[in-house]
1. In region A:39-84, what residues are over 22 Å from A:P111 (Cα atoms), among the β-branched types (V, I, T) and under 13 Å from the mean Cα position of the chain (by Cα)?
2. Among the listed residues B:R90, B:R97, identify the single one that is buried (at least 21 other Cβ atoms within 10 Å of the Cβ), over 60 Å from the mean Cα position of the chain (by Cα) and of a type in the set (D, E, K, R).
3. Has region A:4-19 got any residue that is over 24 Å from B:Q403 (Cα atoms) and surrounded by fewer than 20 Cβ atoms within 10 Å (Cβ to Cβ)?
4. Which members of region B:359-369 meet the condition of being hydrophobic (A, V, I, L, M, F, W, C) and buried (at least 16 other Cβ atoms within 10 Å of the Cβ)?
5. Does B:G383 count as facing chain A (nearest Cβ under 9 Å), at pLDDT 85 or above and touching a Leu at 6+ places or on another chain (Cβ under 9 Å)?
6. Restrict the check to region A:33-54 and report whether at least one residue is surrounded by 17 or more Cβ atoms within 10 Å (Cβ to Cβ), out of contact with any strand residue (DSSP E or B) (no Cβ under 9 Å at 6 or more places or on another chain) and either within 13 Å of chain B (Cβ to nearest Cβ) or farther than 25 Å from B:S398 by Cβ (or both).
7. Any idea how many residues of region B:210-248 are β-branched (V, I, T) and modelled with pLDDT of 90 or more?
8. Is region A:80-92 home to any residue that is touching a Phe, Trp or Tyr at 6+ places or on another chain (Cβ under 9 Å), in a loop (DSSP other than H, G, I, E, B), under 19 Å from A:A19 (Cα atoms) and not charged (D, E, K, R)?
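The values are calculated or read from the model by the stated rules, or taken from the named source; none is laboratory data. These numbers come from a predicted model, not from an experiment. All Cβ positions, even for glycine, are placed from backbone atoms using ideal geometry, and neighbour counts span all protein chains on display.
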Amino acid sequence: MKIKRILVVDDDPAIRKVAEISLSRVGKWEVLAADSGTQALEVVCQYKPDVILLDVMMPGMDGTTTFRKLQEQSGVEDTPVIFLTAKVQKHEVQHYCELGAVGVITKPFDPLKLPDDIMNILNGVITSTWM
Amino acid sequence: MPDTTTGDVVLDIKIGQRAEQLFAEKQKHVYVETDKLMSALMIVQWFVGVIISLLVSPIAWPQSSHDQLMMAIFLGGFITAAPVLLALKRPGETLTRHVIAISQMVYSALLIHLTGGRVEAHFHVFGSLAVLSLYRDWRVLVSATAVVAANHFVGGIVFPESVYGTKEIQPWRWLEHAWWVVFADTFLIKACLTQVAEMQAVSHRQSQVLETRTSIEDLVNKRTAELQASERRFAEQYAEKEQLAEIVASSNDSIIGQTPEGMIISWNKGAERCFGYTAEEVMYQNASMLVPEDRKDEFEQFVQAGRRGQVIESIETTRLRKDGIIVPVLITRSPMVDVAKHVIGISEMMHDITERKEAEKRVSEFYSMVSHELRTPLTSIRGALGLIESGLIEPDESADLVQVARGSADRLIRLINDMLDLKKIESGKMELHRTRFESEELVTQVIYAMQGMASEEAVSIVYEMTSADAIYADWDKSTQVLTNLVSNAIKFSPRGQVKIIVGKGDYQRIRFSVVDDGPGISNSDMHKLFGKFQQLDSSDTRPKGGTGLGLAICKALVERHGGAIGVESIVGQGSTFWFELPAYIDSPAFAGVNPGDTDSRTILLVEDDHDLSEVFSKLLEAHDFVPLACRTLTQAREAIQLAVPALVILDVSLPDGNGLELIEDLRQNPELIDVPVLVVTGHNREEKGSGSATVVDWLCKPCDGQVLINSIYRALELAQRCKVLVVDDDDSTRRVVAAQLKAMGLSCVEARDGTEAISLTELESPDLIVLDVMLPDIDGFRVVEHLNDSDAGATPLLVYTCRDLTISERQQLTLGVTKHLTKGDSSETDLKQAVAELLGSLSAAAKRRDKDGKADSFTDLLGLTNEKTETDEDQCLSGQKG
């Protein structure tokens, strides 16, 4: 699978910044960013990213709700979603995987390996990372 | 049970004995009755004899009829008297019987004689024998027969007419008579024996009946007793069983009795509470109705194991309640077996572990939250560092990333600090440094500090004072709480207004309310607000720099102050967060010092820390003292040359030397020697040099303002009021004692001998006299004697001597309240303790106005207790309450 455009959704500007740089410099992808679930829905519909990196714990609409809304949205329902979360206990990761996302990337992540991790998840090599 | 044969033998013996007894009784009865009959008969025959002698004797004995009459009367009476007497006195006895028999036969002889030996009269003999046979004793017949034989034999030889009626008789004639008597006797004896045998047989039968009845009665009694005993045992067992049943019934755990197949046959109250079913609802149902679907297989295994007699011990599982809720339980199943070890039922005990599970879940959630909160900032730090290191980025971006990492690191620090703070407060280890301050001061300070944030968010902050009371709380912590609430309010009131209202709260507390016009909080969320990380799932705290612990910390801080915190909110109309802190209440303990006297209000404050000096100065001013603040030792030295302060507050670590050096200076100057010193230090109290001048109190930094003020008042009161006369002829001892007392903040007067002691007592009226006994001129006994007669008779006295005093000596050496100390045996502490106690009792007695227990705190003040801070804190609290 080829990625051209990726959307990063996180309420924490610092994490957004790190992810943006990592994905654009290391992954050489076009990076879109959203600071909330609501904004993410708008961006997805407008720019149709190839993959979405979605934070779970967000104020207002949280990651799982955003994910469910995305799946209801026609045209974007097949866009793969990878959860990004600082909840890293086994049962938590398992829970997020079961929600229907293609994989889970745990925080903190290695910015130099982030694009590789995303590709591995999309290619079905792994379902989650742990650092 | 006894052997049957033995039992029979025993019974036979008993029957035999009983029969003999019965026979003896009957025989005795027969003897007694016959005795009565015979005596009656004999009396009657005596009269008959007299009548015969009147009627027949004149015919038979024509020549001597008068003699015959006399014989009938007297001889007959004589013969009758003895047996009748015996029958009356000794009825039933063998002698009586035989005497009666003999007498009867002698009377027969008399009767025969009276009738002149007529043959007809001989029939009396046979009649008598027949009557005597009523005794059923053949021996009586033998006695009687012997008398008859003797009478006939002797009478036949001596006086035949009287026996046979003729003078001429054959010598064998008595034999003929005897033969007929023996003939009659033979049958009578036979009859007697038969009757005796019958009597014995009857007795035996009677005895048998009686004994059998007795033994049956015994048996019945025995059986009854056994029955009663078993009834008692049964009652005991029943009670025991009832108790057990009660225990089972009242147990909080579910205890369910089941058949091996799982049918419920007993259901206790615990089960009722746990599952919500009553016993009627579940009785005879299968226990699988309590098992949720996903545990059916497990339950089946339990049942199988139960049938095999296996115990299931403390297995965690779940059960289904009547209302459909699944509860976690700890289950124990024990089979109940009969004598043959067959499983007849299962006792199933279940302990509801919902609470434990919830606690475990809370702990697990807390760790999960902490992990999450730590990982979030670490993500940006790790990410930023990784990117910078990789060299893939532009220099300007690099600067941005450094800032990102720094910001996240700061957040991490805040988080860790908050967590540690919270832990510290919650474990009660955070010390509060309470001071008195105005509530308005707190509000304006916080508004000033928050102004920047407020203007950034375009929020205006206003305040309203409905009460202007002072607060007694930790300034920093109070600021922290109010700042937190105001900052939250600003975050949630975009372009709005935040209002702080100060008013009276409950329990003499001041309430600070922070009102915002934000979105408000739903009821369901409200109770979560003050929890740890609770708001993270749904709130906006995190992006605004919070750690999710702010309100939890506020709550802990306020509660540590003995205050309260809460929130009121209506969705859409904003929220009001409020907290209450204790109001400052003037302590009556401070009423003693006269505020108008400026000389006694000057306090030299030696403290190099600017902020602390400011705080202390303000505090002193608030109490109408005149602080004279010095930053260095040099300044302090200059100050004491200019004015005599009422008190010195001294820091030990000063920029140009050790503060304790100033104490030396004070000691050198006679004007300053009595000035009390309060040492405020970060050092431990124990590090002080012993006997150092007039140090009244050591306060540890950071020092509670109220404690400081209390100490000041006490020290001043001490310096003003307590004067001690030290009497000792030994110069060094006297000086050491005086120095020790001065170190306690007391003023001392010294006397070298008894005369001086008496004159100084009159002149100075000391509050306490420390007296040596061995003095050069007049000794301690005479001094006490003299003082007892003077006005100083009630002065407290401490006898401080080398001598071991006897009880009578001690009694002699008594003034007011008196203590006796032996120099060699007592330490400096003992001396100080004794002085403090004596002065304490003085204070208690004389200074009743001092209501908050100064007599006790006096001891504390003199540094004789170790738990200084706590005591003072408690004291302050009680001061407020009072």
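1. Narrowing region A:39-84 to residues over 22 Å from A:P111 (Cα atoms): A:39, A:41-48, A:59-62, A:64-79.
Of the ones still in play, those that are also among the β-branched types (V, I, T) are A:43-44, A:64-66, A:76, A:79.
Result: A:V44, A:T64, A:T66, A:T79.
2. Numbers: B:R90 fails: buried (at least 21 other Cβ atoms within 10 Å of the Cβ).
Just one listed residue meets the conditions, B:R97.
3. As a first pass, look at region A:4-19 and keep what is over 24 Å from B:Q403 (Cα atoms): A:4-6.
Still in the list and also surrounded by fewer than 20 Cβ atoms within 10 Å (Cβ to Cβ): A:4-5.
Yes, that holds for at least one residue.
4. B:M369
5. Working: facing chain A (nearest Cβ under 9 Å): yes; at pLDDT 85 or above: yes; touching a Leu at 6+ places or on another chain (Cβ under 9 Å): yes.
Answer is yes for this residue.
6. The answer is no, given that none of the residues of region A:33-54 is surrounded by 17 or more Cβ atoms within 10 Å (Cβ to Cβ), out of contact with any strand residue (DSSP E or B) (no Cβ under 9 Å at 6 or more places or on another chain) and either within 13 Å of chain B (Cβ to nearest Cβ) or farther than 25 Å from B:S398 by Cβ (or both).
7. The total comes to 2.
8. Narrowing region A:80-92 to residues touching a Phe, Trp or Tyr at 6+ places or on another chain (Cβ under 9 Å): A:81, A:83-85, A:87-89.
Checking which are in a loop (DSSP other than H, G, I, E, B) leaves us with A:87-89.
Checking the rest, the ones that are also under 19 Å from A:A19 (Cα atoms) come to A:87-88.
Those still in the list that are not charged (D, E, K, R) too: A:88.
Among the residues of region A:80-92, at least one is touching a Phe, Trp or Tyr at 6+ places or on another chain (Cβ under 9 Å), in a loop (DSSP other than H, G, I, E, B), under 19 Å from A:A19 (Cα atoms) and not charged (D, E, K, R), which makes the answer yes.
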